[in-house]
Amino acid sequence: MPPNCGNTSWREVGHRFYSLNQFLIGKFGHRVWKVSVDGRFNCPNVDGTIARGGCVFCDIRSFSPSRRLSIRSISDQIAEGVARLRQRHRVEHFIAYFQPATNTYAPADELRNLWEEAAAYPGVVGLAIGTRPDCVSDEILDLLESFTARTWVCVEYGLQSIHDRSLDWMNRGHHYQAFLDAVRRTRLRAIDIGAHVILGIPGETRDEMLATAREIARLRLHSVKIHNLYAVKNTVLADQVMSGTVALPDRDQYVAYVADFLEALPPDCVIDRLCGDAPQEYLVAPQWCLDKQAVRAAIEKELQRRDSWQGKSFPNGTITVG
Ligand code: SF4
């Protein structure tokens with residue numbers, strides 16, 4: 001059976017996948033909005049600890065000192081994010097989403113102060129922490145777990161792909177085993193686990209993308225963010241795209257990839273995102289991902305055309321956690 005969405009299931013209310021919004025309404029009983037905050041972290045894949053240069057798609061200019069000078073407190077950032085949301089919506093409850101860079105790349109005391117400030121902000125009902133799977137010590141996981149007594153906590157690991165060849169191509173600086181290790185240790189605590197994946201990595205076949213979906217299914221992760229591969233200015237990937245070395249999927253290809261991917265996921269895996277986005281002034285390609293609503297509509301239309309939905313090809317049977 002599909003999971004509950006409030007008092008009814010997401011299939012019963014006409015949806016074809018289990019969106020983050022449906023999950024949050026079911027969990028909290030009302031709408032909850034994610035507000036992005038910047039804890040001024042660096043990344044070990046940029047500062048030379050693991051590698052220099054970062055992932056091929058990452059704009060490492062955002063790690064420059066100027067970013068640090070212009071930054072405001074966590075409370076100020078949440079207040080600004082909420083004010084922006086309130087221009088369009090009635091907003092009462094939020095998740096503080098530590099988004100840019102590697103949000104566990106700091107001493108535990110520093111992390112504690114930032115997370116305390118976010119969790120104490122009025123209306124904040126959860127913390128979402130985006131990070132690398134090779135950058136979570138047991139000490140940091142214990143600290144994160146200590147917040148679960150008073151707020152919802154989800155750690156979002158950058159997985160991107162289960163294929164080490166793809167991770168090497170993107171200069172990720174870790175292999176799939178690091179993700180499995182992080183999931184194993186996180187799962188010992190009351191922390192929900194999300195994964196970020198990219199569809200359309202050069203050289204990955206449809207079967208290889210589906211293998212990533214099946215691993216997410218096997219591990220029974222809480223949520224997944226699905227991104228198309230996109231290039232922003234001043235990145236290695238942008239150079240590769242502009243020189244023609246790398247071809248990005250067109251929208252129809254991507255829509256088919258996502259539909260395949262959703263079909264292979266369990267029906268209770270929350271879909272946090274369906275495509276990547278970047279501000280227009282930074283985006284090199286593809287232009288079609290600027291219209292996220294159109295991409296989402298095209299994915300829903302494709303699932304409708306197939307008479308399909310999230311979990312349609314997900315197998316019944318025993319799930320083991322590796
Ligand atoms: S791990 Fe994240 S922050 Fe670090 S270089 Fe890669 S994409 Fe950028």
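Model label sites at residue 93 and residue 290, defined 7 Å from Cα along the beta-carbon direction, differ in position by 3.6 nm. With viscosity 0.890 mPa s and temperature 25 °C, the Kirkwood radius over alpha carbon pairs of the stretch 248-322 converts through Stokes-Einstein to a diffusion coefficient of 179 µm²/s.
For the pairs 34/233; 27/233; 225/312, note any where the Cα-Cα span goes beyond 29 Å. Result: 27/233 exceed 29 Å.
A simple charge model with +1 on the Cβ of Lys and Arg, -1 on the Cβ of Asp and Glu and nothing else charged puts the dipole of the chain at about 660 debye relative to its Cα centre.
Can you find, among 173, 41, 254, the residue farthest towards the positive end of the dipole of the chain? Put +1 on the C-beta of Lys and Arg, -1 on that of Asp and Glu. In the chain, that residue is 254. Charged neighbours of residue 9, selected by a Cβ distance under 14 Å, balance to 0 (K, R count +1; D, E count -1).
Rounded to the nearest whole Hz, the Karplus-based 3J(HN,Hα) values (6.51 cos²θ - 1.76 cosθ + 1.60, θ = phi - 60°) of the stretch 174-180 follow the sequence 8, 10, 4, 4, 4, 5, 4, with x at glycine and proline. For the pair residue 312 and residue 73, label points projected 7 Å from Cα toward Cβ lie 5.1 nm apart.
Ligands, DNA and RNA left out, the accessible area of the stretch 16-305 computed with a 1.4 Å probe is 49% carbon and sulfur.
What's the FRET efficiency of residue 250 with residue 49 using the Cβ-Cβ distance as r and R₀ = 45 Å, to the nearest 0.05? Before the final figure, lay out the partial values.
On the way: r = 37 Å, r/R0 = 0.83.
Approximately 0.75, to the nearest 0.05.
Against the criterion of solvent-accessible heavy-atom surface with a 1.4 angstrom probe, 269, 58 sort, most first, into 58, 269. If you take all other residues with their beta carbon under 9 Å from the beta carbon of residue 182, and give Lys and Arg +1 and Asp and Glu -1, the sum is +1.
The 3J(HN,Hα) values that the Karplus relation (6.51, -1.76, 1.60; θ = phi - 60°) gives for the stretch 267-277 are, in residue order, x, 9, 8, 6, 9, 7, 7, 10, 7, x, 8 Hz. Gly and Pro appear as x.
Any chance you could run the full-extension gain for residue 146 through residue 188? It's 0.36 nm times the residue separation minus the Cα-Cα distance, nm to one decimal. Length difference between fully extended and current span is 13.8 nm.
Stretching the chain fully between residue 278 and residue 181 yields a gain of 31.9 nm (0.36 nm per residue, less the alpha carbon separation). Rolling a 1.4 Å probe over the heavy atoms of the protein chains gives the stretch 179-289 an accessible area of 37 Å² per residue.
The values are calculated or read from the model by the stated rules, or taken from the named source; none is laboratory data. Small disclaimer: the values here were computed from a predicted structure and weren't measured. As a convention, Cβ positions derive from the backbone with ideal geometry for all residues, glycine included, and neighbour counts pool all protein chains shown. When the accessible area is computed, the model is the full protein with side chains, heavy atoms only, and any ligands, DNA or RNA have been set aside. Shrake-Rupley method; radii C 1.70, N 1.55, O 1.52, S 1.80 Å.
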